[in-house]
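Taking it in order: structure first as structure tokens, then the write-up.
Nothing in this text is a laboratory measurement; each read-out follows from the coordinates by a stated rule. The model shown is predicted, which means the values in this text are computed figures rather than measured ones.
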Amino acid sequence: MQAFRNCGLCASGSLVKGRTDFLVARRNMAVLRLSAACVQLLKSPVHQRLLRLPEVARSNRVAFSLASSLCAVPFTQQVENLSHESLIRRASCLVTDSANTYLSQTTLALVDALTQYAKALHTLIALQKRYITSIGKLTPAEEDSIWQVIIGQRVEVSDRLEECKRFESNWMNAINICELSADAAYNSGAEHACTATKTNLQVAQCKVEELRKISKEAEKKLAETKAEEIQRMAEYASSIDIHDLEDIPEAYLRED
């Protein structure tokens, strides 16, 4: 009888142990399935969106704060910013900005043109002085070569002068526009824009006047050089025999 009970206890123990092992196995399988699901979740776009939730929350918080601050602005101030006077003042500031840009570009173009014109004048002066000092000392071929260079430089001076006139016309239009825009800004209450435009006008006019003065001085020197050339040619013609005048190139007798 005792042996029978012992067999029964052994069978019951084996049954309990088997059931426990079965439950442990099921739990392990569940853990494995949960781990696999977590790995898939980490790789999925959903996880990336979840990671961005703090950023979205912060941006929403900033937007909410900004909206709250805007709502805190008195209604009377918003109406004032949209008044006719305010809109006219803003428009006048935009006009002065555009006028200043136009003035800046035309001033730069005119200054560059005047600079190139002055350089062309000085080059022509140097060529003509070289010609004056070489009168009667060069062969006819050399004299003809020098005159070809002088004539080409005179064409260059003429082209540069026409360029100056063209850019000066645009510059004068910019001056007039800036003066009108400055008056409009002052009348609309935009004193700062008016002052800035007038300052730009003064700077542009001073710069152009400086280059004009340099060009005028170069033109004066060129006129003096031509007068010296005429005098030197007259002296040279009176110092040679009348029959030798046929050998003088026609360009020598030209009073340009």
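Observations on the model:
- Bins of 5 Å, starting at 0 and running to the largest distance - Cα pair percent for the range 89-151: 4, 15, 14, 11, 10, 7, 8, 6, 6, 5, 5, 4, 3, 2, 1
- Debye log10 I(q)/I(0) at q = 0.09, 0.16 Å⁻¹ for the range 87-244, Cα point scatterers: -0.47, -0.88
- Evaluating 6.51 cos²θ - 1.76 cosθ + 1.60 at θ = phi - 60° for every residue in the range 118-123, the Karplus couplings come out as 5, 4, 5, 5, 5, 5 Hz, glycine and proline recorded as x.
- For the range 142-183, alpha-carbon Rg over 2.2 N^0.38 Å: 2.02
- Rounded to the nearest whole Hz, the Karplus-based 3J(HN,Hα) values (6.51 cos²θ - 1.76 cosθ + 1.60, θ = phi - 60°) of the range 181-191 follow the sequence 5, 5, 5, 5, 5, 5, 5, 8, x, 8, 5, with x at glycine and proline.
- Listed residue pairs exceeding 29 Å between alpha carbons, taken from Lys129/Lys213; Lys137/Lys221; Lys165/Lys226; Lys165/Lys220; Lys198/Lys221: Lys198/Lys221
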